[in-house]
Structures are given as C-alpha cells and as structure tokens.
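This report refers to the structure that appears directly beneath it.
Only the coordinates and a few stated rules stand behind these numbers; no lab work does. From a predicted model like this one, the values you see are computed outputs, not experimental measurements. Cβ coordinates were reconstructed from backbone atoms using ideal geometry, including for glycine residues, and neighbour counts include every protein chain displayed.
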Amino acid sequence: MSGAEGTGLIIRAAQFSAWKHRHQRRKSQAAEPYINHPLDLAHVLWFEGKVHDPTVIAAALLHDTIEDTQTTFGELQGEFGDTIASLVMEVTDEPSVHWRLRKRLQISRAKGSTWGAKQIKLADKICNLRDMVASTPKGWSIDRVRNYFDWSKEVIDQIRGANPLLERKFDSIYLRRP
Ligand code: ZN
C-alpha cells in the first residue's frame, strides 16, 4: 500500500465511522460525540504506540461499528476488505451472550488474537480508562469503575509483549484506578 493509499483508507474509515456513530454520545458526564472515541484510539496507536499500519488504524476507527451500530460484517467486508472486517470482528464482543460471559470471553480470547487486534485492544483499554479517570461515566458507581479497571488489566495481561510502549501507557493509567 502506498502512502497515499494508506491515507485514503484512513480517511474513508474515519468518514464511515463518523456516519455510523452520528447519533451516539459517549457515557461520560459531558456526553461527547461518540466519534471522539475511535479517533482517540487512532491517535494513541499512531503517536503513542508507533503503530503506523493503515490497516490497523482504519480498523481502530471502525472498531465499535459492528458492536454499537447497525453495521454488519458483510458491509465492512464490502467497503474495506477481509483483513479490516476480520480485525473489527476480532475486537467485537458477542452480543447474544450475557455481559458477564462476554467479559470472560474477552480475557480468554485475547492471547490468541492477531497482532493488529492486540494493538486495538490496548488502545481501546487505554482510552476507556483515561476517559473514566477524567469523568466517571453517567450512572456508574465507584465499584463499577474499579471492576472495569481490573477487568481491563486482566485482558491486557493476556497480551503483554504485543506493544511495550502501549503496555507502559496502560500501566500508568491503571495506577489512577480510583
Ligand atoms: Zn471502544
């Protein structure tokens, strides 16, 4: 992929994701537009994790489209190809299972996931913890935030070695656990 092709792919993914998430807001007190979150992941990956693979950046921008919007795997496959659609699938929780099992599955499946999916997971957890430190999500108790921190650490502990730069960033935000 040339530099221009990579940039084009990233712009297409950002635009597609912004459209899909257009009616959604984050759970923070300020209820920022949802798209801030995928953009944060892309920023963390590129500038903090030194992940410069356009495929991974595009998948990060799209990472919540299947889980949180009406987007289907086939639609992503058609728009962005197999690799990106599969990466998004890898970081999508199974919607039909109970949330408690979903959380366990994320831990048990993390180790076997691809390099790209591990990068996205790292960035996702870093961004979510940073958001929670900045502002407790609406309706969340301190215990719920603490459980989220601990569960995130369990996921990240499964994939250590995937990106030491991002792991250090994760560890430093984990220290801010309330
Ligand atoms: Zn996310």
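Laid out as a table, the results:
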quantity	calculated
Among P38, P95, M132 - extreme Cα towards positive end, dipole of the chain, charges at beta-carbon	M132
Values of log10 I(q)/I(0), in the order q = 0.19, 0.20, 0.26, 0.27 Å⁻¹, for segment 116-178 under a Debye, Cα-only, solvent-free model	-0.64, -0.70, -1.10, -1.16
Evaluated at q = 0.10, 0.11, 0.17, 0.19 Å⁻¹: base-10 log I(q)/I(0), Debye formula over Cα of the chain	-0.36, -0.44, -1.13, -1.44
Segment 108-168 and segment 29-71: distance between their alpha carbon centers, rounded to Å	14 Å
Neighbourhood net charge (13 Å Cβ-Cβ; Lys/Arg +1, Asp/Glu -1) for T83	-4
Computed lengthening from R12 to V133, 0.36 nm per intervening residue step minus Cα-Cα distance	40.5 nm
Under 21 Å from K103, Cα to Cα: lysines that are on another chain or at least 8 residues apart	K27, K111, K118, K121, K125, K138, K153
Rg over Rh [alpha-carbon atoms, Kirkwood Rh] for segment 4-74	0.98
Cut-off 10 Å between beta-carbons: net charge of the residues surrounding L165, Lys and Arg +1, Asp and Glu -1	+1
Fewest-first sequence of K118, K138 by Cβ atoms within 10 Å of each Cβ	K138, K118
Assigned charges on the beta-carbon of Lys, Arg, Asp, Glu; the chain dipole about Cα centre (debye)	740 debye
Total formal charge among the other residues, if their Cβ is under 15 angstrom from that of I57, Lys/Arg +1 and Asp/Glu -1	-2
